[in-house]
Each structure stands twice: as C-alpha cells, then as structure tokens.
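First comes the structure, then the notes that go with it.
Rule-based calculations on the coordinates, nothing more; no lab input. Keep in mind that this is a model prediction, so the values were computed, not measured. Quick reminder, even Gly has a Cβ in these numbers, built from the backbone with ideal geometry, and neighbours come from all protein chains shown.
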Amino acid sequence: MKKLFTVLLAMAMMLSFAACKDQNTPPDDSIIDVNLEILIEQDDSMINTYSLLAVNDAAPFEDADGNPVSDVTLNTQGADALINWLLSEEGKELAANFGYDEYGQYLFYLLDDGASSDAEIPQATEETKLIRMSTTTSVNDSGLLGYLIPKFEEAYGYKVEIFSAGTGKAIANAKCGNADLILVHAKAQEEDFIKAGFARTLEGQNAERLSYMYNYFVLCGPPDDPVGVKGMSVTDAFAAIAEQGAKFVSRGDGSGTHTKELSLWPQQLGISEDPTSFADYDWYISSNAGMGACLLQASEQGAYILSDKATFLTFVANGGKVES
Amino acid sequence: MSIALEKALDLIFAGDRTLLQILAVTLRMSFASSLAALLFGVPLGILLGSARFPGKKILIVLNRTMMGMPPVVCGLLCFLMFCGVGPLRRLKLLYTVTGMVIAQILLITPIVAGTMEPFAAAIYPDLRETALGLGLKKKKLLWLMVRESTYQIVSTYLLGLSRAMAEVGAVSMVGGAIAFKTNVMTTAIMNYTNMGNFTMALALGIILLAVSLAINITISALQRGTGQ
C-alpha cells in the first residue's frame, strides 16, 4: 500500500513539473511587477552617508542583565586592516565604480572630504585572520560587499564574516561584542555608539566615525503619483502625503532608513519609533521588516516609501526580470 | 513558477558552487541536530512513556510545552548565551554551525520525546508482561522496547529531520546567515526574497523540497525493512 502511495506521489510530482514546463513562458519573464518608481531623488536633505567604525575592545560591554563584561575578545588588528583597505585608494575606487556595469548607474559615491587611509595593510596571521563585520542590509543586499570583500580576502588572506541587518540591529550586535567593525548609515545612532565608548579611533585617523561614501535616499511611490509629490522638496512631499492620508510604508525597524524617514515628517505629526505616536494615522503602515519586504508591500498596496537608492535599484532589477 | 523551476534545474545541473555550499551546510546541520535529538529524545520518550516515578506527569506537560516553543525564542536564548557578552562567550559558538546544531537540538529533542512517549505508553504493558514471563531484567526490557519501536523511531526521526531542515527562526538568529559559512537553504531563501530575487528564492525552495523528498523516499524504503 505504502509503496503504491510513494510511487503515485512521485508520479504526481513529475507530472506537475512537466505541466509547468509546458506552459508558455510569460512574455516579460517577470515573477512580480514592481509597481514603484523613484519620485524624488538627489535632494540635498536625502544624502545617505555611510560610515565605518572600529569597535573598541575596551568598551563598556554589558551582559543581558547589565553586569559589566571585561573579557570580550575582538580582532582589532583585522578590523584595522579591513578599514584601512576600504579607505585606501583601491578600495574607494572599487566602491565608487560598483554597479555601473549592471544597473547603468553608480550606486555609491565618494565623499569629497571623506576619510581615507594610506596605512600599510599587514597580511593575515592565524590570530587576526577572522574578521567579523556587522553592517546594514543596503550595502550587503545591493551586492557591494560581495563585490569588494573577496578582493580584500584574496590579497591579504583574511576571512570576513558579514552579518547584515538594519543599522539599529547592526549596532546592537556590535554592542554585544559580536563584531570587530561596523559599516552603517545613521549619524545619530553612530554618535550615541561613540559617546557610549564603543568605538575607537584608528591610528592615523582623527575621529572614530569614518564617513567615506554616500548615496541618496529616494522617495518612491506608485507611477501615477496620486499625491503629486513629483517636483516637490522632500519635506513638502512628506507633508503632502500626510495631509492627504496617502498610504506610506515605514520600515519601522530602527534601521538607518527608518531613522531618516522619521526625521522627514512634519514636526507637529509627532511620528516617532513609538507605535502609539502613529496609532491614529491609518495611512501609516509600520512594517518592521527589511527593505526588500517593505518595497514589495508598498508595491502591492500602491503606497509611498522611502528607500536607499542602491537597494531600490537592485530590487527592481531583480524583481522585474530573471537574471540569467 | 516555470521560470523558477527551470532556474532550479539549471542550478542543479550546473553544480552551482554557492548552491552546493548552502546545501552542504543545510544537510550537515540537519543530520547532526536530528541525530543528536534522536539520541537524547528516544530514551527520554520511552522513559516518560513507561517508567513510573514522582513528577512524571509534570515532566510530560513540560515536555509538551517545549514542543511548542517558537524557534525564534529558542534562537534568542541561544544567541544571548553564545553572544560576545553572554555567559558562554568563551566557547565562541555564535555564528557557527555547531551553535546552530545546539539550538536545533534544544528545539527538536522535546518533539522526539513527545512523539515517542504515547507510543511507548501504548506498547509497554504487553512488553512488561512478556518480560516478566521470560524473566528479563530491566535493562533487557528497555532494549526490547527500543527494538519494538524501530518503526516508530524512524518515523520520529523523519519528523525531526524535516523540522531541522525547514526551520528558519533559530538558525537565522544563532547562525546569522553568513555567506559560505552558516547560510542554509531557509535563510538563503529569506535573503534572496529581501533582494527581490524571487526566482532564485523559489528555485532554492524547489530544491529544498526535492532533497527532502529524496531523503524521505530513501528512509521510508529502509523503514519498510523494519518489520511493520
């Protein structure tokens, strides 16, 4: 009996596979249509700065109960090597050119007065080999780190483990002693991190926060733009969205993008991280999810959304067509 | 769907390096955690089902509660234990496959024990009589129980293995989905979805199901040899 059932099941699966194959391929090859378009970009208030911070091995680490922990082990030499390489001429040039071949646009730009380094980078040793980097989804999901890091690993023999989450979580992760360096994009949160003593200054640098590249946040929405934000300044656009009660998807997860979005609403609305602050606004959808998931949600609901440009471009490129 | 299927077939036949790596980690982790959970869970389940001791009912209820523990809670507890400031930080288990296996053992052992317990309770009275009649000692009786439960044990193992392979909450927290190290099928599917690459995500889903089907067919075929 069971044998028969197994055979039947296998046959059913084969048949359904075959049936799938027979179907005509949809004309545009798309699995989903991303019904979103960039409405406002390259506004000065939308600059999105990325900074590197080395984690201080003598930082006031605390366990979950708030008791001090003094013996957290960090790979400071490895972190220095990676930061110095990312800030070197080679690393910066690679970052600046990333994405052009694939998307026809540059995804990241270098700050004119950004941090740079010409420090010599030592080869990895047994103790310094493993580097743990905590970073935001935008630099990882856009493919930037996947493009840069192997080049670094190959040249100097290190092994970099990348943990990516929203900036809030990436910083929290470093505070738990799980990262040797962070690459994030929320100035206020970075400054709190430094003030609490978790960052250290690299030799030859004059600050803990090493800002070196940027891109833009973009306001995206349905292509027909029901609120008519196109051509407005960003703050006017956010005010108009709120006034008309047009749907808006917020990350709501303490990420850099979420932090930026909170700063763009008109003050008197009082929108903050606290869920009760927007409980009365039924148009404000706080989704507590990654950028990709939020873009999808905005696309499905015809909502407006703030995104970093790199993630938006990669998301649309991936969702709109099937890469070979 | 058809594109994803084609993509899945392409990936398999091209022997895509990333895919093979993810698959290898997935299998290594799920086999290790489900086997260990079997090792701990089966004796525990038989004990709970057959032995008589004070506090047994409470233990059974506790175990049943643990069966419903959300993977993310288990993941969070392990994360806090293993993390850089956690009490077990010196073991350096965060973001390692071993750490993921430990989290999954915690998750799956109660399920194994909980499925074995009612089965053991059902066969125990008869077996005990047989054992008394033959004058067998307690140790032998336990062995007899295990032998009589082989079929059930294999089914339970499959349940544990599926749980290990399909689980995402605990492994993403403890493993961190680090590429080429702790990224397993489920976390990779999440990653690709977040990048908007639904085709790749779906292709991985199809492959995961196919692997699961292959394992189930093999083990079920072996199970038929166990006598029931």
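Extents of the range A:108-176, largest first, come to 33, 31, 22 Å (Cα atoms, principal axes, whole angstrom). Note on the range A:137-244: Lys pairs 8 or more places apart or on different chains, Cα atoms under 17 Å apart, count 5. Phi angles across the range A:141-146 convert, under the Karplus curve 6.51 cos²θ - 1.76 cosθ + 1.60 with θ = phi - 60°, into 3J(HN,Hα) values of 5, 6, x, 4, 5, x Hz, Gly and Pro given as x. Placing a label point 7 Å from the Cα of B:ARG224 along the Cα-to-Cβ direction, the residues of the range B:134-157 whose backbone N falls under 17 Å of that point are B:151-152, B:154-155.
Listed peptides A:304-313, A:212-221 appear in the order A:304-313, A:212-221 once ranked by packing, highest mean of other Cβ atoms within 10 Å at the front. With the Kirkwood sum run over all distinct C-alpha pairs, the range B:2-224 has a hydrodynamic radius of 19.1 Å.
Taking amide H atoms as placed 1.01 Å from N in the peptide plane, the amide H of A:VAL69 lies under 5 Å from those of A:PHE61, A:GLU62, A:ASP63, each 5 or more residues away in sequence or on another chain.
When the alpha carbon gyration tensor of chain A is reduced to an equivalent ellipsoid, the three semi-axes, largest first, read 35, 29, 22 Å.
Remark: spin-label model distance A:ASN67-B:LEU136 equals 4.9 nm, labels positioned 7 Å along the Cα→Cβ axis.
Averaged over residues, the count of other Cβ atoms within 10 Å places the peptides B:127-139, A:121-133, B:170-182, A:281-293 in the sequence B:170-182, A:281-293, A:121-133, B:127-139, highest first.
Hey, can you grab everything whose amide H is under 5 Å from the amide H of A:ALA115? Only 5+ residues off in sequence or another chain; H modelled, so Pro and N-termini drop out. Correct list: A:SER211, A:TYR212. Calculate the FRET efficiency for A:SER277 and B:THR65 from the Cβ-Cβ distance with a Förster distance of 45 Å, rounded to the nearest 0.05. According to the calculation, E is roughly 0.80. Sorted ascending by nearby beta carbons within 10 Å, beginning with the fewest, B:TYR151, A:TYR50 become B:TYR151, A:TYR50. For the residues of A:287-294, the average number of beta carbons from a partner chain within 10 Å of their own beta carbon is 3. Peptide packing: for A:248-259, B:157-168, A:263-274, the average count of neighbouring Cβ atoms within 10 Å per residue gives the ranking A:248-259, B:157-168, A:263-274, highest mean first. Return the inverse of the average 1/r over all pairs of distinct C-alpha atoms in the range B:24-149, which is the Kirkwood hydrodynamic radius, in Å to one decimal. This gives a value of 16.2 Å. Dipole magnitude for chain A: about 1000 debye, using +1 per Lys or Arg Cβ and -1 per Asp or Glu Cβ, origin at the Cα centre. Suppose we look only past 25 Å in the calculated P(r) of the range A:38-163. What percent of the Cα-Cα pairs does that tail hold? Result for the distance tail: 34 percent. Rounded to the nearest 10 degrees, the inclination of helix B:185-194 to the longest alpha-carbon principal axis of chain B is 40 degrees. Per-residue ellipticity at 222 nm from helix content only, as computed over chain A with -39500 (n - 2.57) for each DSSP H run of at least four residues, stands at -11500 deg cm²/dmol. Per-residue mean of foreign Cβ neighbours for B:78-86 is 6 (Cβ atoms of other chains, 10 Å radius). Between helix B:150-166 and chain B there is an angle of about 30 degrees, using the helix long axis and the longest principal axis of the Cα atoms.
Per-residue shielding of A:127-135, expressed as the average number of other chain Cβ atoms within 10 Å of the residue Cβ, stands at 1.
The three principal axes of the C-alpha atoms in the protein assembly as shown carry coordinate ranges of 89, 62, 52 Å, sorted with the longest axis first. Counting only residues at least eight positions apart within a chain, or on another chain, the aspartates and glutamates with an alpha carbon under 15 Å from that of B:LYS137 are B:GLU129.
Per-residue Karplus couplings for the range B:79-88, computed as 6.51 cos²θ - 1.76 cosθ + 1.60 with θ equal to phi - 60°, are listed in order as 4, 5, 5, 8, 5, x, 10, x, x, 9 Hz, Gly and Pro entered as x.
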